[in-house]
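Comments concern the structure below.
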């Protein structure tokens, strides 16, 4: 009976998917799009809706969709390759190899233990620490790697104090998503936006990072209120059990030769990435050349140094399934630009908002935030980028920041809003058999999401630096 119900549900989803894509294609024809534009929209919608309905087959949808675009000559092979943002994929591959070395060397466990080993701990201080560590880890590596190690540390500490870990896991995830907007490396959409907009690492540090810190501060204050009972309960436990014993129980991670080497590699990579714009200007290189090749160079050096594990880094630490999905999705989004769809949409938005830049900023920020609460933010940003590129006679920089923060902060609103959310929930269910309901999450996530997006909106509209 259960198999029959499952098959029935799959059949209904397939029929719904086909009907939606077909109706969308007809609607596009009626709306004034030509046949190639309508097909490009339908195929992109097929990939997005297929991902929503059949998550495990998302790569298959992009394979099939991209092939249809080529067969019907909506786009040619050369343009498909140019639209695939290969530079972003290569950057992510290099960083994933380096992160593989960091994980193997015990870097993340060492970092968490180092920061959490402190005296006179209180529940508020603990909440502030996990929020700050989560955000900064997301800035330095990526949101998924950061949340995996934070969840492990929080579960261990909450087990010792015998308190419910759910509030503190949620706090860490919310902070991770906020922190991922602070640098170009925190989220795949950061490097994607940087590569398409010409924004540099320094731009992110001087303009995105301060807004991120404001959002983090606002969310922590709000979280102190929302989870005041859980924080009081933890305070009581800390006073009863003390903190010194707790951190003695934490696994000590010695700083051995491998960890020192990994720290040296990470530090050097971060230095070169932070100075990439200055190096490119000094040597007359194309914008973002150093930004994109530094992870590849150091990943190559890591594979030479650890030659016996080089294949493992590539096969296991590089998330090929996700990268191939991104590559073909970027190509399909580029098809929208190539066929003129995004120019049409941009002109309609301009007609609707006039030349009022603040109205357009608000539309991009709130639309991307709402969209990323139900869609993968990379999918959403890939669709938005060619639209922003199509705006005429506007300073596009505030729109890029609006897209970045909308894509990152919107992920906090729902339980499926970001990869970090899904990973954390999966770990919690696997390790403690605890489930977080949709309503539980949205009660906190919506409040934090609205507050942080309002902070971003105010900064982009009011501060001269973003004009």
Practice prompt. Would you mention how many residues in the stretch 193-236 are without any contact (Cβ under 8 Å) to a residue 24 or more places away in the chain and either outside any helix (DSSP H, G or I) or touching a strand residue (DSSP E or B) at 6+ places or on another chain (Cβ under 7 Å) (or both)?
Written response: 0
Practice prompt. Name, by its number, the condition in (1) at pLDDT below 85; (2) closer than 23 Å to residue 132 by Cβ; (3) more than 28 Å from the chain's Cα centre (by Cα) that does not hold for residue 232.
Written response: (1)
Worksheet item: Quick one: which of 88, 113 is closer than 30 Å to residue 308 by Cβ, in contact with a helix residue (DSSP H, G or I) (Cβ under 6 Å, 6 or more places away or on another chain) and modelled with pLDDT under 85?
Response: 88
Worksheet item: residue 204: within 20 Å of residue 270 (Cβ to Cβ) and modelled with pLDDT of 90 or more, yes or no?
Response: yes
Worksheet item: Which of the residues that make up the stretch 257-268 are touching a helix residue (DSSP H, G or I) at 6+ places or on another chain (Cβ under 8 Å) and either at pLDDT 90 or above or surrounded by fewer than 19 Cβ atoms within 10 Å (Cβ to Cβ) (or both)?
Response: 258, 259, 261, 263, 265, 268
Worksheet, complete the sentence: Scanning the stretch 329-359 for residues that are under 25 Å from the mean Cα position of the chain (by Cα) and surrounded by 22 or more Cβ atoms within 10 Å (Cβ to Cβ) gives 329, 330, 331, 332, 333, 334, 335, 336, 342
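The values are calculated or read from the model by the stated rules, or taken from the named source; none is laboratory data. This one's a predicted model, so the numbers in the text were calculated from it and none came from an experiment. Cβ: placed from backbone, ideal geometry, glycine included. Neighbour counts: every protein chain shown.
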